[in-house]
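Enquirer: Below you will find the structure I want to go over with you.
Derivation of every value follows stated rules applied to the coordinates shown; laboratory data play no part. The structure presented is a predicted model; accordingly, all values stated were derived computationally and were not measured. All Cβ positions, even for glycine, are placed from backbone atoms using ideal geometry, and neighbour counts span all protein chains on display.
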């Protein structure tokens, strides 16, 4: 059973995960919602979800990720 990460630890985990996750063109952002790390996706893609899970396992000990499809986000 996964343990709940404390807010301070979530911020650290997000920082450690962000650069690697954002290198994938289908990942539009990484955030924190409540006690979860959220990965925002341009489109729903099982391959991206698997790769993100592998990054989380490698970088952050397998912290559970939540995915949200936002569509492409462009800088204005």
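Enquirer: Quick one: what does P(r) look like for the chain with 10 Å bins over all Cα pairs, in whole %?
Expert: 20, 56, 22, 2, 0
Enquirer: Note the angle between two axes, namely the Cα long axis of helix 7-22 and the longest principal axis of the Cα atoms of the chain, as a number of degrees from 0 to 90, rounded to the nearest 10.
Expert: The angle comes out at about 40 degrees.
Enquirer: Hey, another quick one. Rounded to the nearest 500 deg cm²/dmol, what is the calculated helix-only ellipticity per residue at 222 nm for the chain, with -39500 (n - 2.57) per DSSP H run of length n ≥ 4?
Expert: Computed ellipticity for the chain at 222 nm equals -13500 deg cm²/dmol.
Enquirer: Relative to the longest principal Cα axis of the chain, at what angle does helix 46-60 sit, 0 to 90 degrees, rounded to 10?
Expert: Around 40 degrees separate the two axes.
Enquirer: If you take every DSSP beta bridge fully contained in the range 7-69, what fraction is antiparallel? Give it as a percent rounded to 5.
Expert: Bridges in the range 7-69 that DSSP calls antiparallel: roughly 55 percent.
Enquirer: Can you compute the modelled spin-label distance between residue 69 and residue 35, with each label point 7 Å from Cα toward Cβ, in nm?
Expert: Each label point is offset 7 Å from its Cα along the Cβ direction, giving 2.9 nm.
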